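The values are calculated or read from the model by the stated rules, or taken from the named source; none is laboratory data. In this text the structure is predicted, and so the values were computed from the model without any measurement. FYI the Cβ positions are ideal-geometry reconstructions off the backbone, even for glycines, and counts take in every protein chain you see.
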Amino acid sequence: MRVLIIIIWFLVFTKLLVFWVWLWQLKEYHFKRFKAHFEKQKIRKFLFSFHGIRYPKLTPKVIVILVSGILLEIVFILLNSYTLFLLAIIFAPLLVSLLVWIFQIPRYFLIKRTLEKARIKREKFDKLIVIGITGSYGKSSVKEFLSLFLSEKYKVLKTKKNINSEIGIANTILKELTPEHDVFVAEIGAYERGKIKQVCNIIKPQIGMLTGINEQHMSTFGSQENISKAKHEIVENVSDFAVLKNRLNLSPENVRIGKESLSFTLKGVEFRLNLLGRHNIDNILLAASCAQRLGVDLNKIAKLCLGIKPEQGGMKFLRKAPIILDASYSANPDGVIADLDYLNLYSGRKVIVMPCLIELGKAASEVHKRIGKKIAEVCDLAIITTADYFQELKNDKTILIENPEKIAEKIRRSSADVILLEGRIPRKLIELL
């Protein structure tokens, strides 16, 4: 019987170990982001660690933490105390967090060394044009558009996919930057003040771009004022000029927004794009403004726009019968409203599937009420996949379903003509659909 208890305890604690390491990795080992996970539903989210399995990506750091956790379990077994077993289960989040932070110490010095090496290498490229892009939303799209436009005239290096941390940018410089590159375009993310300035001290940007500011990540910044000050660090730490969304001098005319494309005229030049959503016009204007300043002809920019893929604008067609729009890359307050505006172009029965937004801090309730109001105006059905702010979103069109199989079944029975997948919904649901 005792052996059976030990085996069960070992399996339960190992499951908890894997879950909490997964969560820390998901939050990029950032304490404020980890803490923000428990803004609402604190007890429920703690109990969720006992349900299902979440696997972290096996990096060297994760492997070391997991092995250390298993060794700790062996020590507990050798101590042979039921009380210790119970306490270990109760305090599993603290024990795993302690392991994580122990291994953060050598990582801190490793990151510091890597950042310094990247700074030294960057300084050797005195003719390199460096562009830093930041903001609460739209960073990745603007980076992709700008890199495409500049490639008409320059050899361009850009940070890949959603890499925007200081260590990710530093590794891009160390591993990929060569003398053949004329331009380096870096997407810069931040969860606290001072981070964008830190990156700027490494990459020394001549040009900064600010895409827009909203409540995204207020939990980690503490206030809207701090968000604004942090994002404006890109403006304060460039040597040439900055391009800001709210100060653009480019004004589009003859704007036409369709279900599968959009078009507009800019300084007499017609732009046609296979992009979805009005917000992408703002992103194109930002990128075009910067590219023009660097000598790329507006007519060439317009031609290059024809090659932009829908997914580069944050939304793509997953299938067309029924229509499924995939905007699951990420979500922010302005992006959700913009996607709902786009969804409203369609006739028929419209369904949105989305989780509650995270890391909004004290703005969370108001933001979700605003989104809930928009959902009521546009959608026939809204399936919310997480419970945190469901009450703020709730109206006669919203339901809460967390299980991917049940969501897929509900959609099948809903006779939906158009389905919008918004934000970080379960990947299994996308596979099912």
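Structure summary
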read-out: Odd one out for Ile308 among (1) surrounded by 14 or more Cβ atoms within 10 Å (Cβ to Cβ); (2) free of Cβ contacts under 8 Å to residues at least 40 places away in the same chain; value: (2)
read-out: Among residues of region 171-225, those that are of a type in the set (Asp, Glu), farther than 30 Å from Glu366 by Cβ and outside any loop (DSSP other than H, G, I, E, B), counted; value: 1
read-out: Every residue from region 240-260 that is small (Gly, Ala, Ser), assigned to a loop (DSSP other than H, G, I, E, B) and surrounded by 14 or more Cβ atoms within 10 Å (Cβ to Cβ); value: none
read-out: Condition check for Gln224: of a type outside the set (Phe, Trp, Tyr) and surrounded by fewer than 17 Cβ atoms within 10 Å (Cβ to Cβ); value: yes
read-out: Condition check for Leu266: of a type outside the set (D, E, K, R), out of contact with any Phe, Trp or Tyr (no Cβ under 9 Å at 6 or more places or on another chain) and modelled with pLDDT under 90; value: yes
read-out: Lys158 being surrounded by 18 or more Cβ atoms within 10 Å (Cβ to Cβ) and among the basic types (Lys, Arg); value: yes
read-out: Output for region 331-381, where each listed residue is part of a loop (DSSP other than H, G, I, E, B) and on the phi > 0 side of the Ramachandran plot; value: Gly348, Glu359
read-out: Enumeration of residues in region 389-413 that are surrounded by fewer than 16 Cβ atoms within 10 Å (Cβ to Cβ) and among the hydrophobic types (A, V, I, L, M, F, W, C); value: Ile399, Leu400
read-out: Residues satisfying the stated conditions in region 1-48, i.e. touching an Asp or Glu at 6+ places or on another chain (Cβ under 6 Å) and at pLDDT below 90; value: Ala36, Lys40, Gln41
read-out: Filter result for the condition that a residue is β-branched (Val, Ile, Thr) and either surrounded by fewer than 19 Cβ atoms within 10 Å (Cβ to Cβ) or assigned by TED's automatic domain parsing to the domain that holds Lys32 (or both), over Thr172, Thr178; value: Thr178
read-out: When residues of region 113-136 are limited to those that are touching a residue at least 60 places away in the same chain (Cβ under 8 Å) and assigned to a helix (DSSP H, G or I), the one farthest from the chain's Cα centre (by Cα); value: Glu123
read-out: Residue within region 300-312 that is closer than 30 Å to Arg427 by Cα, polar (S, T, N, Q), assigned to a helix (DSSP H, G or I) and touching a Gly at 6+ places or on another chain (Cβ under 7 Å) present; value: no
read-out: Scope region 226-239; condition among the hydroxyl-bearing types (Ser, Thr, Tyr) and either part of a loop (DSSP other than H, G, I, E, B) or closer than 14 Å to Asn332 by Cβ (or both); matching residues; value: Ser239
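Matching residues to (1) surrounded by fewer than 12 Cβ atoms within 10 Å (Cβ to Cβ); (2) touching a His at 6+ places or on another chain (Cβ under 8 Å); (3) within 26 Å of Glu359 (Cα to Cα):
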| position | (1), (2), (3) |
| --- | --- |
| Phe50 | no, no, yes |
| Leu58 | yes, no, yes |
| Ile74 | yes, no, no |
| Asn80 | yes, no, no |
| Phe85 | no, no, no |
| Leu95 | no, no, yes |
| Tyr108 | yes, no, yes |
| Leu148 | no, no, no |
